[in-house]
Structure formats: C-alpha cells, structure tokens
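Below: one structure, written as structure tokens.
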Amino acid sequence: MRLSRYFLPVLKENPSEAQIVSHRYMLRAGMIKQSAAGIYSWLPLGFKVLKKIETIVHEEQMRAGHIPMLMPTLQSADLWKESGRYDDYGQEMLRISDRHGRDMLYGPTNEELITDIFRSHVGSYKDLPLTLYHIQWKFRDEIRPRFGVMRGREFYMKDGYNFDLTKEDALHAYNRHLVSYLRSYERMGLQAIPMRADGGPIGGDYTHEFLVLADTGESEVFYDSAVTDLTFGDRAIDYDSVEQCQGVLEEFTSKYARTDETHDEALFNEVPEERRRVARGIEVGQIFYFGTKYSEALGANVQGPDGKQSPVHMGSHGIGVSRLLGAIIEASHDDKGIIWPEGVTPFHCGIVNLKQGDAEADAACESLYEALTAAGLEPLYDDRKERAGGKFATMDLIGLPWRITVGPRGLKNGVVELTSRRSGESEELSPEAAVQKIAEIYANHQTGRGF
Ligand code: ATP
Ligand code: MG
C-alpha cells in the first residue's frame, strides 16, 4: 500500500476522551472512530488488525477440530424466554421490537440460539462430539462503556459451544479449548494467563479466564510468578488426545493464578513469598463447562448407545476479538506509539523515502516495494512529500515492527537502513539483504496478506 493512496487519518493531538494508552493510540493512529458511546467504526488500519486477529482465532479453532459457522446479531426473544434468561439478563440486553411488535434483541451471547440449532438437527450420540463456533458482533448495553474497544457496547467476539454425550467428553472439549486459546494468544505476541475464575450463577470449578497482565486492566489478579515462565511455543499437540490436552491444562493451571472473585488468601500464602504477585489484568477470554443447564432448559437431548435419551453436556468458550487490539497495545507500546507483534501487524514493514521526488530514491523504493510484495509481504510505503521527521513519527505511531529507510546518501554506498521498532536498533544493508531479512523474520509467522 502506498500511503498517498491509503486512508490513515492520523491525529496530532492527544484526544481528551481517551484515558488509557491503547484507546489514545487507536484514535491517534486512525484505527477507529467512535460513532456512539461504546460503538466504533473500524477505519482501514484498525479493520486490518481486527481481521488479522480474527484469522488467527479461526485458524487455531479449526486446527483444534472446531467448526466455523455464523449466527445473526439479532435474535428473537422467544428462545430467551424459554431458557429463562430473558428476564435474568437485565439492562445489559438491548431489547428491540420489530414493526409487528415482536420482541427481538441484539445478541449479547448465543447459548440459546446454538442450542436451538442443535436440538433441531442432532438426536444421536453418533453425531458427537461436536463443537461449533462463530465470530460475530455482540451487544451489551454496558453501564459504563470506556477505554475504547476494551469495554465497548458493540464488540466482536468469538464464541464456541461444545456438545458432548458425557461429562468426561465435555471436559476434554474444555481442555482442548484451553490449549487452542493458549496457542492463539501466543501467535498474537501475547502472554495470556489462564486463571481460575468465578462460575457465577452456573457454579462449579470449570471456568478459567485468560488474562493479559497490564496496569490498566480492570481485574485484580493474584498469581505465582512462576506462571509467567510458561510458554506453549510451537510444540505439536494431538487435539484428539485426552492425555495430551489434560497435560497442558495441568501444566498451565497447577500454579496459583486467580482473579479477585476466586482469590483465596490462605492458599496464596502457600506460594513462596518472593513469587507472590498482586497485579492487574485484562480479560481476553473465558472458557466454561456448564453441563446440562441449557440443554435441560431447552430440551436438547441425545440418544446414547444404550438407547436412552439424556440432555447433552455443553460448554461455551469466548475470545474478545475486538478487545484484543486494546490488550495487545497495552502490552506492547512506548511513548512514541504502538509496537505491533509480527503476528498481527497491519503491514509487515514500512518503507520511508527520505527524499521523495529524487529519481534514484524513488526507484529504489519502488523496487523494494516490488521485491517485498513478491516475497508475499505487505509493505506500507510512505511516498508522501513530507519531512522525514513527520514520516518517522507516523511510522512510530502506527507501530510497524520493521522499517526500511531509503535516502540518497545511503544509496550512494548501495545501502538502506533497516530499523526494528521494538529495539530501535538500525543496521545498514543492501536492499536485497533487507528484503531477505524481513522475509526470514516473517517465515515464522503465518501472516498472509491482509484486507
Ligand atoms: P467482563 O467481565 O470483562 O465484562 P465477561 O466475563 O462478561 O467480560 P464473557 O461473556 O466471558 O465476558 O465474554 C467473552 C470475552 O468477550 C471476554 O473475555 C472479553 O474478552 C470480551 N468482552 C466481554 N465484554 C466485552 C465488552 N463490553 N467489550 C469488549 N469485549 C468484551
Ligand atoms: Mg468472562
């Protein structure tokens, strides 16, 4: 993409409504624009990152054997009346009536709808196990939308639902989700720690929230610092293996890590004092096993091998796709702007032409652009007639992890400058070597062309 032809409405001033850094940078970098409280338009740069995150989530869900689909944003209230949640959900649910006076709602989540689909089409254990998921906009009329996309009213969420014959099978689905979530967050350059969470009205021990540590997080968290040493890495995993998935769950959840809702001071005190941490975190996902709560309420039964009917065992699992943009920025920025991890960056590298209009510099930039594109990468070429300082400031703000700087002086010696946004370090290389180095860096990240 050439910046002169892109739509990147960068703001020079800090917007006064933004209280935290991710919100400020998303506005300043021209990624989002508020349309109403807690509701945003996704401008091209923000949309690009949103889609990259969404793609990672899809790839990891499908890798785990989960099946994508799409349910609507608007739902009829009937199913919610059947499950009893129409009244329970309270004011967070946006209720709408259509021209015929029928009760509708903008879905805050989809347990009812998916259970209805299931009961209409599945009646036998032979069709199980089954996990369906979708990535769709949700609406919750939050009392205090704030922090930009972190606590919106309209937000983008992956929600998945598993259907199993037995509790054991459903717990395997739970563990599979935990593994796939760990992989997803790591590909986004994030450490998200599974923490024992509150079952809420559903109760039970089977729920974990995934938290990204950040001072601006809304949750207070308590953990053994040893959990931050754990990484999933690129180990192979057989998602069908009960033992392997259970092993990962045990590895990642055996150390103390809890949100304030489930915090137990006595247990926490058993952690060696030098490893006890009290901090704040951003919730980027949650997994849940809730048994037969919805299948009983909605009559979603399956016939077992013995011919008997029983309510199907279910769980639900969510990832806050739009919130993740904020979480990633909170975890990865400096005082000049965002620093995107390679896995989600909107463009793979920036090209800064220090002397636009200089025939040699222009030609060198064009051939870099072509070579990067031919290598399957997507560069953002700042081809505007602007001062170098302004170009650098824009690149730093929008946070591309790599920048190639091209100027007449370097070209005389046959070199361009390659700079890491994260370390700030630069090296001089031939244009060919710079392209090769960037291609090698991204060979480890499955990030294709964006939108
Ligand atoms: P919270 O406690 O933050 O209100 P929740 O526990 O109600 O979230 P879930 O129902 O578990 O949320 O939804 C799954 C994920 O969706 C959450 O982990 C979070 O990342 C994201 N999410 C929830 N509410 C919002 C919101 N208002 N804005 C953006 N993302 C959200
Ligand atoms: Mg939650």
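Oblate is the label for segment 1-151, because the ratio a/c of its alpha-carbon gyration tensor axes (a ≥ b ≥ c) is 1.5 or higher and a/b is not greater than b/c. When Trp402, Trp80 are compared by accessible area at a 1.4 angstrom probe, the order from most to least is Trp402, Trp80. Centre-to-centre, using Cα atoms only, segment 119-150 and segment 21-74 are separated by 16 Å.
Net charge of the neighbourhood of Phe232, taken over other residues with C-beta under 10 Å away and scored Lys/Arg +1, Asp/Glu -1, is 0. Given +1 at the Cβ of Lys and Arg, -1 at the Cβ of Asp and Glu and no other charges, the dipole of the chain around its Cα centre is 1620 debye to the nearest 20.
Taking only Cα atoms, what is the 0 to 90° angle, nearest 10, from helix 242-253's long axis to the longest principal axis of the chain? The angle comes out at about 70 degrees. Sorting the segments 117-130, 314-327, 27-40, 88-101 by their mean number of nearby beta carbons within 10 angstrom, highest to lowest, gives 314-327, 27-40, 117-130, 88-101. Our helix-only sum for the chain, with -39,500 (n - 2.57) per DSSP H run of n ≥ 4 divided by its residues, gives a mean residue ellipticity at 222 nm of -10000 deg cm²/dmol. For segment 261-270, 3J(HN,Hα) computed residue by residue from phi via the Karplus equation (6.51, -1.76, 1.60; θ = phi - 60°) reads 5, 10, 4, 10, 4, 5, 5, 4, 5, 7 Hz, glycine and proline entered as x. Loop-located GluC sites (Glu not before Pro) in segment 232-271 (DSSP state not H, G, I, E or B) with no more than 12 neighbouring Cβ atoms inside 10 Å: Glu270. Kindly provide the trypsin sites (Lys or Arg not before Pro) of segment 178-256 that DSSP labels as loop, not H, G, I, E or B, and whose Cβ sees at most 15 other Cβ atoms within 10 Å. Loop-located and lightly packed - Arg235.
Rounded to whole Å, the principal axis extents of the Cα atoms in the chain read 81, 59, 42, largest first. Projecting label points 7 angstrom from Cα along Cα→Cβ for Leu267 and Thr231 puts them 2.8 nm apart. In terms of its C-alpha gyration tensor, segment 349-443 has a rounded overall shape, because the principal axis ratio a/c (a ≥ b ≥ c, square roots of the eigenvalues) stays below 1.5.
A simple count of charges around His58, restricted to other residues whose Cβ falls under 12 Å of its Cβ and scoring Lys, Arg +1 and Asp, Glu -1, yields +2. Assuming R0 = 30 Å, what is the FRET efficiency of Glu59 and Ser219, from their Cβ-Cβ distance, to the nearest 0.05? In this case the efficiency is close to 0.60.
Hey, quick one: spin label on Glu142, modelled 7 Å out along Cα-Cβ, who in segment 80-110 has an amide N within reach, i.e. under 20 Å? Counting only backbone N, you get 89-95, 106-110. Judged by the mean number of other Cβ atoms found within 10 Å, the most tightly packed of the peptides 144-150, 380-386, 225-231 leads the ranking 144-150, 380-386, 225-231. Here the calculated FRET efficiency for Arg2 and Glu274, from their Cβ-Cβ distance with R0 = 60 Å, stands at 0.70, rounded to the nearest 0.05. Find out how many positive minus negative residues lie around Gly217, taking Lys and Arg as positive, Asp and Glu as negative, among other residues whose Cβ is under 10 Å from that of Gly217. Around Gly217, the charge tally is -4. Seen against the Cα atoms of the chain and their longest principal axis, helix 388-398 is set at about 10 degrees. If R0 is 22 Å, the Cβ-Cβ spacing of Glu360 and Ser420 corresponds to a FRET efficiency of close to 0.30. In segment 193-263, inverting the average of 1/r over every pair of distinct C-alpha atoms gives 13.4 Å as the Kirkwood radius. Here the Karplus relation 6.51 cos²θ - 1.76 cosθ + 1.60, evaluated at θ = phi - 60°, turns the backbone of segment 163-169 into coupling constants of 10, 9, 6, 10, 4, 4, 4 Hz, with x for every Gly and Pro. For the pair Ala36 and Glu92, label points projected 7 Å from Cα toward Cβ lie 2.0 nm apart. In degrees from 0 to 90, rounded to the nearest 10, what is the angle of the helix 111-121 Cα long axis to the longest principal axis of the chain? The helix 111-121 is inclined about 70 degrees to the chain. Remark: segment 358-372, residue by residue, has Karplus-estimated 3J(HN,Hα) of 7, 4, 6, 5, 4, 5, 5, 5, 4, 6, 4, 4, 5, 5, 5 Hz, where x stands for each Gly or Pro and the curve is 6.51 cos²θ - 1.76 cosθ + 1.60 at θ = phi - 60°.
The values are calculated or read from the model by the stated rules, or taken from the named source; none is laboratory data. Remember, it's a predicted structure, so these values are computed and weren't measured experimentally. Because the Cβ atoms are built from the backbone with ideal geometry, glycine has one as well, and the counts that use them run over all protein chains shown. Note: areas computed on protein heavy atoms with side chains; ligands, DNA, RNA excluded. Shrake-Rupley method; radii C 1.70, N 1.55, O 1.52, S 1.80 Å.
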